[in-house]
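The values are calculated or read from the model by the stated rules, or taken from the named source; none is laboratory data. Keep in mind it's a predicted model, so treat the numbers as computed, not measured. Virtual Cβ from ideal backbone geometry, glycine too; neighbours counted across all protein chains shown. Surface accessibility is based on the protein's heavy atoms, side chains included, excluding ligands, DNA and RNA. Shrake-Rupley method; radii C 1.70, N 1.55, O 1.52, S 1.80 Å.
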Amino acid sequence: FEFVERGSYYGMMSVLSVYLTDTHNFSKPDVGVIKGTIQPLLYFLPILSGALADRFGYRRTLMVAFALLGGGYFLTSQATAYSAVFLSLVVVGLGAGAFKPIISGTIARCTDETNSSVGFGLYYWSINLGAFLVPLLLVPLLKNRFGGHWVILASAIGTGLMLLPTLLAFREPPAPR
């Protein structure tokens, strides 16, 4: 999950500014407002979404997160007006903020002192690998062959498809003791 989510996010962010200024003719300050709003949203929301996940369930919150991410990226790939792009990226921020505490919380609930270092090591490894490989390999391929629009659309497809393993394989982690 982390590999795909972070790959999608950093893949999209690696082309977003140039895509919005070159394709949609947004000014640099306007793009700065968008990016300056999304980043704090992404890092503030896990406080709230972690509490919601504890109350309503990790699996349910993960489903909402991937629906918001896939939908937000898709809307971003289709939007042309500034307000529509801004709102669709707020949806991405809401989805990413909902996603962030779920996997780390799952690892915390499913590991103990004998294996937590390995669990969190793999967790951070997958984050960093997705954030490194997708912008390095997939983004240039999509951008150069099809355009920046397809990088954002690939983010929508990747995160939207994460609904399937969530439905089919993710199990609610045990409650803390």
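Scanning region 1-34 for residues that are aromatic (Phe, Trp, Tyr) and assigned to a helix (DSSP H, G or I), we see that the one that is surrounded by the most Cβ atoms within 10 Å (Cβ to Cβ) is Tyr9.
The set of residues from region 60-69 being open to solvent by less than 40 Å² (accessible area, probe 1.4 Å), in contact (Cβ under 8 Å) with a residue 60 or more places away in the chain and over 19 Å from Met13 (Cβ atoms) comprises just one member, Leu62. For region 153-162, check the following and say yes or no: at least one residue is under 17 Å from Gly72 (Cβ atoms), open to solvent by 50 Å² or more (accessible area, probe 1.4 Å) and under 12 Å from the mean Cα position of the chain (by Cα). Checked against the condition, which is being under 17 Å from Gly72 (Cβ atoms), open to solvent by 50 Å² or more (accessible area, probe 1.4 Å) and under 12 Å from the mean Cα position of the chain (by Cα), region 153-162 yields at least one hit. Scanning region 15-48 for residues that are over 23 Å from Ala81 (Cβ atoms) and among the hydroxyl-bearing types (Ser, Thr, Tyr) yields a total of 1.
Yes or no: Thr37 buried (at least 21 other Cβ atoms within 10 Å of the Cβ) and β-branched (Val, Ile, Thr)? It is false that Thr37 is buried (at least 21 other Cβ atoms within 10 Å of the Cβ) and β-branched (Val, Ile, Thr). Taken as a whole, the condition of being open to solvent by less than 30 Å² (accessible area, probe 1.4 Å), part of a helix (DSSP H, G or I) and either closer than 16 Å to Leu167 by Cα or touching a residue at least 40 places away in the same chain (Cβ under 8 Å) (or both) does not apply to Leu52.
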